[in-house]
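**Student:** Sharing a structure, written as structure tokens. Questions coming.
The values are calculated or read from the model by the stated rules, or taken from the named source; none is laboratory data. All of these numbers come straight from a predicted model, not from anything done at the bench. As a convention, Cβ positions derive from the backbone with ideal geometry for all residues, glycine included, and neighbour counts pool all protein chains shown. Ligands, DNA and RNA are stripped out before the accessible areas are found, and what is left, the full protein with its side chains, is counted by its heavy atoms. Shrake-Rupley method; radii C 1.70, N 1.55, O 1.52, S 1.80 Å.
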Amino acid sequence: AVLEAFSVLYEPIVLSLETLSDKGIFEPKTVSEANGLLNYVSSFECLITSEVVLKILSITKVYCDFLQSKELNLTQFHKMTQLVFKTLEKFKTGSNFNTLYENVLIKAKDLEIFVPENVRLSGRGSKVEPTKEYFKVRLFDQSIEYLLGEIKERILNESSELISAFGIFQKENLSNPSEAKRHIQFLVNFYGVDDEDVSGNFDLVFNEYKYFANWILKMEKIENLTHDEFSNLRLVDSDDEEEFDFILSDIKKSRYKFNFFDLSEMYKILSKERMENSFPNVFNLICICLVFALSSNSCERSFSPLRLIKSYLRSTMKQDRLSALAIIRLNKDIIIDVGKILDDFGKAKKRRIYLLFLD
């Protein structure tokens, strides 16, 4: 946003710096700083640097916004990271710099900025390079290479195998469990040694995964049935029309309205259907995947409501109450059954007033 504003407001910025550089009006320090900024802002180096950085950041901005999503999970994170990595690689190898450079030359001409034919390198020897080659190699290529190196080192290299292993919950792997065998073996070896939540028995986990894949695919199939397909349903083991209508009605009521192959939705489905004990290892792997700290945004969000919770009127609030109120505020999307909470509170010990809700 800052670079975009700089690009749009370039001429007013130059005019303001020229005004500030007037020795007869402003202090010497202000004049000196304004002259320094004016010399750089009026140079071709500043113009092309801002345009190159703006173009690169337009690619990474989508990635940064994605990382701030509340519903972000490990598989989505891995896919998006690979997509951004490939986009940057393609942007570097294509003819994008030539197009960008031509646009900058046109803009420099409109703004009456001098474009040197060569750029003198710093250091001994005083070599010179053509301007276009200099900015391509030392600005455009190096900036993209730095970003690619950071993504590769921090994300793709360190945890690539672990992140890829959690791809077992993608539809292509659930539809063909044998393709996920290698990843399940990795997860069993990684979590099944010291972690009691995942069994160290590969055959047990793999068979459970196959049953889970079959179950979730059938659930999706029921969800995607049209009205006519519902009408044509028949029960194999039942000739009782009344029983069939009852079961069909029950199925219709239990249909979901969300993506079955999103990890957050898988967790909700398993919890809603009370299938955690049927697929304990799969359920625990989903929980592990969902709690991965992929960015610091969720932590930063927790500080935002503090000013609302601990106001000047609540300045004497103790830590326990503050933490409890913060948890409630951060999880405001969770529906709380107030009646159940009051019932539990009333049952906690004998009281003079009967607090239980009676139907």
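**Student:** Residue by residue through region 186-220, note down the ones that are closer than 18 Å to residue 266 by Cβ, at pLDDT below 85 and among the charged types (D, E, K, R).
**Tutor:** 197, 218, 220
**Student:** Tell me yes or no: at least one residue of region 150-168 is more than 30 Å from residue 186 (Cβ to Cβ) and either surrounded by fewer than 16 Cβ atoms within 10 Å (Cβ to Cβ) or in the same structural domain as residue 85 (by the TED database) (or both).
**Tutor:** Taking every residue of region 150-168 in turn, none turns out to be more than 30 Å from residue 186 (Cβ to Cβ) and either surrounded by fewer than 16 Cβ atoms within 10 Å (Cβ to Cβ) or in the same structural domain as residue 85 (by the TED database) (or both).
Rundown of residues vs (1) open to solvent by 50 Å² or more (accessible area, probe 1.4 Å); (2) outside the structural domain of residue 116 (by the TED database); (3) modelled with pLDDT under 80; (4) among the small types (Gly, Ala, Ser), yes/no style:
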site	(1), (2), (3), (4)
33	yes, yes, no, no
49	no, no, no, no
52	no, no, no, no
74	no, no, yes, no
84	no, no, no, no
96	yes, no, no, no
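**Student:** What's the number of the only condition in (1) open to solvent by less than 90 Å² (accessible area, probe 1.4 Å); (2) at pLDDT 80 or above; (3) farther than 24 Å from residue 44 by Cα that residue 140 fails to meet?
**Tutor:** (3)
**Student:** Look through region 326-340, keep the residues that are open to solvent by 100 Å² or more (accessible area, probe 1.4 Å) and among the charged types (D, E, K, R), and return whichever of them is farthest from residue 314 (Cα to Cα).
**Tutor:** Per the criteria, the residue is 340.
**Student:** Among the residues of region 314-334, write down those that are of a type in the set (A, V, I, L, M) and modelled with pLDDT of 80 or more.
**Tutor:** 317, 322, 324, 325, 326, 327, 328
**Student:** State yes or no: is residue 69 assigned by the TED database to the domain that holds residue 87, open to solvent by 40 Å² or more (accessible area, probe 1.4 Å) and either within 21 Å of the chain's Cα centre (by Cα) or without any contact (Cβ under 8 Å) to a residue 60 or more places away in the chain (or both)?
**Tutor:** Yes: the conditions hold for residue 69.
**Student:** Can I ask one more? Would you be able to tell me the number of residues in region 276-286 that are more than 28 Å from the chain's Cα centre (by Cα) and surrounded by 14 or more Cβ atoms within 10 Å (Cβ to Cβ)?
**Tutor:** So the answer is 1.
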